[in-house]
Amino acid sequence: MAEAAHLILFVADQAASREFYAATLARAPQLDVPGMTEFALPGGAVLGLMPLAGIRRLLGDAIPDPGAAAGVPRGELYLRVGDPAACHARALAAGAREVSALAPRDWGDDAAYSLDPDGHLLVFAAPGG
């Protein structure tokens, strides 16, 4: 089995998040079963979408309730892509809320920031020109 990073976002509504990321990433999930949806990402990583109820069932009281901070960004999904403007536009059309338009950033990338429907920061970036 090949090694790959799996990044899992906890979501309020798995079906709604699946539709959002399918439209935003312009691809179908590679796995879509009750409790987990997965998308292949550039570079071999995998984005997983797990319902909040699933992580609560899995870990119970060992962790704070992830739903208690709904809408509060707790991290970001930073994706380097060939056309960040097009990806950002797809995210906005799919229901993301723009945080910062595509612009040159101090670290050398051009990056656009939005919030997905669950409040996770979603960034599309490319090396600046």
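Observations, loosely collected:
- Check on Ala89, small (Gly, Ala, Ser), outside any helix (DSSP H, G or I) and at pLDDT 95 or above: no
- Put simply, of Thr37, Thr24 the only residue that is touching a helix residue (DSSP H, G or I) at 6+ places or on another chain (Cβ under 8 Å) and in a helix (DSSP H, G or I) is Thr24.
- Selection from the range 11-59 of residues that are under 17 Å from Gly119 (Cβ atoms) and of a type in the set (Phe, Trp, Tyr): Phe20, Tyr21
- Taken over the range 105-117, the criterion of being surrounded by fewer than 21 Cβ atoms within 10 Å (Cβ to Cβ) and outside any strand (DSSP E or B) is satisfied by Arg105, Asp106, Trp107, Gly108, Pro117.
- Lone unmet requirement of (1) modelled with pLDDT under 90; (2) in contact with a strand residue (DSSP E or B) (Cβ under 9 Å, 6 or more places away or on another chain) for Ala2: (2)
- Residue selected from the range 14-30 under the condition touching a residue at least 60 places away in the same chain (Cβ under 8 Å) and in contact with a Pro (Cβ under 7 Å, 6 or more places away or on another chain), by the criterion surrounded by the fewest Cβ atoms within 10 Å (Cβ to Cβ): Ala16
- Set side by side, the residues Val11, Val33 differ, and just one is touching a residue at least 40 places away in the same chain (Cβ under 8 Å) and either among the β-branched types (Val, Ile, Thr) or surrounded by 14 or more Cβ atoms within 10 Å (Cβ to Cβ) (or both), which is Val11.
- Matching residues, the range 61-86, being outside any loop (DSSP other than H, G, I, E, B), at pLDDT below 95 and either within 24 Å of Glu19 (Cβ to Cβ) or in contact with a helix residue (DSSP H, G or I) (Cβ under 9 Å, 6 or more places away or on another chain) (or both): Pro66, Gly67, Ala69, Glu76, Leu77, Tyr78, Leu79, Arg80
The values are calculated or read from the model by the stated rules, or taken from the named source; none is laboratory data. Everything quoted here is computed from the prediction, not taken from an experiment. As a convention, Cβ positions derive from the backbone with ideal geometry for all residues, glycine included, and neighbour counts pool all protein chains shown.
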